1. Is it fair to say E127 is closer than 28 Å to N168 by Cα, over 23 Å from the mean Cα position of the chain (by Cα), touching a residue at least 12 places away in the same chain (Cβ under 8 Å) and not in a strand (DSSP E or B)?
2. Looking at S122, S192, which is the one that is farther than 19 Å from C247 by Cα and hydroxyl-bearing (S, T, Y)?
3. What residue, among those in region 70-114 that are among the polar types (S, T, N, Q) and under 18 Å from L130 (Cα atoms), is surrounded by the fewest Cβ atoms within 10 Å (Cβ to Cβ)?
4. Just to be sure before I move on: is V90 part of a strand (DSSP E or B) and not basic (K, R) in the structure I sent?
5. With on the phi < 0 side of the Ramachandran plot, at pLDDT 95 or above and of a type outside the set (D, E) as the only criterion, which of V54, V81, V75 stands out?
6. Of everything in region 78-106, what is within 14 Å of the chain's Cα centre (by Cα), within 19 Å of T7 (Cβ to Cβ) and among the polar types (S, T, N, Q)? Give them in sequence order.
7. Only one of (1) in a strand (DSSP E or B); (2) more than 25 Å from L6 (Cα to Cα) is not met by A114, so which one is it?
8. Which numbered condition in (1) closer than 22 Å to H27 by Cβ; (2) free of Cβ contacts under 8 Å to residues at least 40 places away in the same chain is the only one that D235 fails?
Amino acid sequence: MYVRKLTVLPAVASCNNELKLRGLLDHLQDTASLAVAELEGSPMQMLERGYSWVLLRYEMELLRRLPALDEPFVVRTYHDVNHGYRTLRVFQVETPAGDPLVWAKTSWLLIDLAAGRPVRPSAHLPEFLLRDSEPIDPDFRDIPSPDASGGEVHEAVYPVRFHDLDGNGHVNHAVYFEWVFEATPIDLMAYSPRALSASFRASARWGESPTVRSREIGAPGPDGTRTFAYEIVGDRESDRPLTAFSCTWEPYRS
């Protein structure tokens, strides 16, 4: 298991003086990149070999209040390449004392850029079988469609910015989480995410203005939780499906 120790710095602290969701996602991505760089599998190392990582699924549970400004925390991560074409990766965010804060699981494809198709990571990255590897459950939660409820559909449009693009020229996955966060018709000062699921189908392109459609699923829970389903599509003219999300929100934990 790869372990990284971090501290919440001002650049990634929210108006509540806690680690932002975007900051958390960036820290997890950077930790994974550092872990696989030691195994010759970082994004740039793979690009030099003619391959690219593509994110398929993301699941996250926020178990407690995120660490506050100047608080230290620990990220642990491991992977599992024994699932055919998919590589699974788990993240565990903890306090220095070992109390769990966040759990996340991701699923990736390794794409041969010349052939334009996925390859088996266990065959092309044998180093991954030797270090930081543990069994991971391959199942992910189902994501409900916004059409599954008769509630009102809310739409918000977010033009792709230059700074949304990553090294592959794609909109970074953390940006989609930001769009979903901002597009939710809820008081963001009073609620925070408890559980999120995402299924990535295609990438938003430079010059596009994707639309985020959200709809509340069911009635609020007895503890005040509310669940929303989302779909992100490309420009309204094309309606090209990009990503499906679900998020359960809870009253803010101070």
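1. Values: closer than 28 Å to N168 by Cα: yes; over 23 Å from the mean Cα position of the chain (by Cα): yes; touching a residue at least 12 places away in the same chain (Cβ under 8 Å): yes; not in a strand (DSSP E or B): yes.
Yes; evaluated as a whole, the condition is true for this residue.
2. S122
3. Quick first cut of region 70-114, residues among the polar types (S, T, N, Q) only: 77, 82, 87, 92, 95, 106-107.
Still in the list and also under 18 Å from L130 (Cα atoms): 77, 82, 87.
Numbers: T77: 22, N82: 17, T87: 25.
Restricting to residues being among the polar types (S, T, N, Q) and under 18 Å from L130 (Cα atoms), the top hit is N82.
4. Values: part of a strand (DSSP E or B): yes; not basic (K, R): yes.
So V90 passes the test.
5. On the way: V54 fails: at pLDDT 95 or above; V81 fails: at pLDDT 95 or above.
Step by step, each of V54, V81, V75 is checked, and only V75 is on the phi < 0 side of the Ramachandran plot, at pLDDT 95 or above and of a type outside the set (D, E).
6. Q92
7. (1)
8. Looking at each condition in turn, D235 falls short on (1).
The values are calculated or read from the model by the stated rules, or taken from the named source; none is laboratory data. A quick note: this is a predicted structure, and the numbers were derived from the prediction, not measured. For neighbour counting, all protein chains shown are included, and Cβ atoms are generated from backbone atoms with ideal geometry for every residue, glycine included.
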